[in-house]
Structures are given as structure tokens and as C-alpha cells.
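Just so it is clear, none of the values below were taken in a lab; they were calculated from the coordinates. Just so it is clear, the structure is predicted and the values come from calculations on it, not from any experiment. Cβ atoms come from the backbone with ideal geometry, glycine included; neighbour counts cover every protein chain shown.
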Amino acid sequence: MPVLPRDRGCGTAAAGCRLWIGQQMRIATFLQVRRVGWDGCTGRDAGYADVVTVTELGLPGLRLAPPGEDVRPDDARLIDRFGRVATDLRVSLTDHCNLRCTYCMPAEGLDWLPSEQLLGDEEIVRLVRIGVARLGVDEVRFTGGEPLLRKGLESILSQVSALVPRPEISLTTNGIGLARRAGALAEAGVDRLNVSLDTLRPDRFKTITRRDRLTDVLAGMAAARAAGLDPVKVNTVLLRGVNDDEVVGLLRHCLAAGYQLRFIEQMPLDAQHSWQREAMVTAEEILARLRGSFTLTPDPAERGGEPAERWLVDGGPGTVGVIASVTRPFCGACDRTRLTGDGQLRSCLFARGETDLRILLRGGASDEMIADTWRAAMWRKAAGHGIDDPEFLQPDRPMSAIGG
Ligand code: SAM
Ligand code: SF4
């Protein structure tokens, strides 16, 4: 069913949509707002929140784009117009969380997604299977919200680990409850874990996350390592004047414990929309502080689509990473494709548009129809996140509802 962006006709046509709409088409004739993707032409990546189903046009109608104009080659993989291939699928299992990190969500939490909109276990596994079997996905990371809050997590993991070919499976978690579940997660198929930890001081942990749970997180990390989930990667967001004096202390702790620390530049993805560039602790600042105590040399290992730039610390083997999404964007090598907990496909964390796979799943679409929609949506992936564009607009969904 053809759909168009709500307020501008097919704005994506100018950028090379496979189908474009005659200029004369009057928006007034669009009827029936729906959140549905069709042939990737949702317009959402171009900045539209909703799409409109065209039901009565009485106008020149749809035609193929002129020959040679940005036509997607026949390729089963998730290719885009800029030569990238997405092989790394991020799946958000829930938008709920048991922490309230200040840079992520407000103290009172958020309006959680209605449960009937959340994908069920079978729906998630089906989409992952389509990704793996038909689209070339070879790595799946489960995240949230807090993925350990998802009932049935271990069952989803076991089913995904039974897929052929088996993808690499990883999890990003805040570590609460990990201490008693690490073994079961490893058994269910998790290969690697990322745990978020912004401070080693209990008082600060409470300030940043608004919960007094530092001990649980540290115990969770140790349990993950003991369960063989190696390497345990640690994600740290630094906040100016709050924990930015712990750069060196956190690295010493992680090196001693055998964890791989990565600092992440704070991104404009908080629900409160309170991000300010000046307040962000930049990669340059982080590296300058580290160089005051360690010798850093670029890690010769291939970076590939890895978001973290890595350095060997004091000659190695210990390393430290910096994910400089804002000041040193790595969009040119991005290999991500994302599914939200309610079945919306996103080509980028910062995309302002989504493609509704849930409606296809629940409407009886075949695997190949879903795969085609997925391919077409990824084809339209934007070149970059555009944080530096004067017209940059933060996505409506916060990080916790997209899946970081
Ligand atoms: N709840 C899990 C956790 O915290 O690890 C998984 C979801 S969380 C959204 C994933 C990662 O995103 C975490 O490492 C978190 O620190 C990071 N994150 C959240 N908000 C962020 C922001 N505004 N900028 C940069 N990173 C952020
Ligand atoms: Fe929860 Fe993770 Fe967001 Fe913190 S960063 S509030 S742990 S989703």
C-alpha cells in the first residue's frame, strides 16, 4: 500500500526514492494517517514522524524514478546508498528500566510503551531470524531500556543462538541482577556483555542513576567474567563536574579487573532534551586526561564498524576505547540496523523516521515481504547523524526507547 509523508508529500523523492510522486499531487487528497512502511518510502528518515496512506489521489499517480536515479541494486543484504552494509542488529527488548540515569531519563521515568504494542518473544525471534537468514545480519545485540527486565530473555537468547547461521550474541545492561543471572545468560547463548558503569563512588552512583545500586553492578560485572563472558566491556558516560575526575580511576579499576573500558561522549538522546554541547566531555578532553597518567598508542587491531577508537594502554595488552559519536563521528563505517521494542525499524540512532515492521508481522506479511521492507528502509539510511547541522532535531524517541 503506497504511503507518503504527512505534511510534505514524498519529500524523499528528491533524494532518490524508487517511486516518486507527481509534483501536482495535492496533499489535501491524502487520507487516513497510518504508521506503516512501504517499499522504504516512509519518508521517516527524512524527518517525518508519521506517514499517510494514499487512498484517493485522482492524480497522475506513482511512477518509477527516472532511470539511473538512485535505484537500489538487487542485493539481498542491507545495503544503503553510500555503500555501507548493515550486519549488526540492535534489538531493544523493553523501554523499562530500574535505573534513572540523569543523561537518559527523568527521575519519574517515562510513559512506557503500551504492552500490546511490544513485540512478543516469537515476533522478536522471527524478525531476528529474517535478519540472519535473509539479510546478512551476523551480530545481534540485545539492549533496552534494561534488557534484564524482559521476561523470557533467556528463552529469546536460546532461540536466537539456535539460528543457522548462528549470529554473535551480545547484551548491553546496567548490571542490576546480573550477578545471579550471568551463568544462565552465558548458557542461553550470550557471547559478550557490555555493562554500564559511570563511577566507582557509591554516592555518585546514586546521584547519576538515582538508585543506590553500585554494589550490585560491580558484583554483576565480576559474575559475568566468572561465567566466561569475556571480554566484559564497560560503558562510561562522563558528565562535567559530576564524574569527569574519575577518568583515570575508572581505567585503573578496569585494567586491574580485566574489563575493557570505553568512554562514550554524551549524545542528544535524553528524554528531557537537556543535552548541551558545551557540557559534553569530549573525546579530546578524555584522552588528554588519560595521557597525564598513561601512555596511549593506537590499537593496531582492525576497527571495522566498531564505534570505539581504541588505544593500547602503556603498550598493552590492556586497552581503552573512546566512542566519540559527536566530535569524531563514525557514520561512514556504520553497520547498524535497529529494532525498537514495539517493532519499529530504525536505520540510525538519530533517525527521525521509522518503518513499522510490527504492522507487517501482525498483518500476515511473509518473511520475504518483511525482508524487502527492511532492505528498502535501510537503503534510505542517511549519510550521517547530522548533530552538527544547524537544522538538527533530536529524535522523538529517547535512547532508552530506541535501544542504545
Ligand atoms: N540499560 C542498559 C545500560 O544502561 O547499559 C542498556 C540501554 S542504555 C540506553 C545503553 C547505553 O547507552 C548505556 O551504556 C548508556 O550509558 C548509554 N547512554 C544512555 N543515554 C546516553 C546518552 N544520552 N549519551 C550517550 N550514551 C548514553
Ligand atoms: Fe536505564 Fe540504561 Fe537509561 Fe541508565 S542508561 S536509565 S540504565 S536505560
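Of the candidates Leu119, Leu110, the single residue that is closer than 30 Å to Val164 by Cβ and among the aliphatic types (A, V, I, L, M) is Leu119.
Would you pick out the residues in the range 165-195 that are under 20 Å from Asp88 (Cα atoms) and within 16 Å of ligand 2 (Cβ to nearest atom)? Result: Ser170, Leu171, Thr172, Thr173, Leu193, Asn194, Val195. Of Leu93, Leu99, all but one fail to be within 13 Å of ligand 1 (Cβ to nearest atom) and over 19 Å from Arg338 (Cα atoms); the exception is Leu99.
The single condition from (1) more than 16 Å from Asp342 (Cβ to Cβ); (2) assigned to a loop (DSSP other than H, G, I, E, B); (3) touching a residue at least 24 places away in the same chain (Cβ under 8 Å); (4) within 15 Å of ligand 1 (Cβ to nearest atom) that Ala76 fails is (4).
No other residue among Asp138, Asp75 is over 26 Å from Pro268 (Cβ atoms), surrounded by fewer than 20 Cβ atoms within 10 Å (Cβ to Cβ) and under 16 Å from the mean Cα position of the chain (by Cα) apart from Asp138. Of all the strands (runs of 3 or more DSSP E) wholly in the range 316-404, which have at least 2 residues that are within 16 Å of ligand 1 (Cβ to nearest atom) and charged (D, E, K, R)? The strands (runs of 3 or more DSSP E) meeting that bar are 336-339. The single condition among (1) in a loop (DSSP other than H, G, I, E, B); (2) under 24 Å from the mean Cα position of the chain (by Cα); (3) not charged (D, E, K, R) that Ile286 does not satisfy is (1). For residues that are of a type in the set (A, V, I, L, M, F, W, C) and crowded, with 20+ Cβ neighbours inside 10 Å, scanning just the range 187-213, find the one that is nearest to ligand 1 (Cβ to nearest atom). This residue is Val195. Just one of (1) buried (at least 22 other Cβ atoms within 10 Å of the Cβ); (2) in contact with a His (Cβ under 8 Å, 6 or more places away or on another chain) fails for Val247. It is (2). Each residue in the range 196-237 was checked for being in contact with a Gly (Cβ under 6 Å, 6 or more places away or on another chain) and in contact (Cβ under 8 Å) with a residue 60 or more places away in the chain, and 0 pass. Listed by first and then second residue, the pairs with beta-carbon distance under 7 Å, at least 6 apart or on different chains, first residue in the range 139-156 and on the phi > 0 side of the Ramachandran plot, second assigned to a helix (DSSP H, G or I) and away from ligand 2 (no atom under 16 Å from the Cβ), are Gly152/Asp121. Within the range 356-363, is there a residue that is of a type outside the set (Ser, Thr, Tyr) and within 19 Å of Leu269 (Cβ to Cβ)? No, the range 356-363 contains no residue that is of a type outside the set (Ser, Thr, Tyr) and within 19 Å of Leu269 (Cβ to Cβ).
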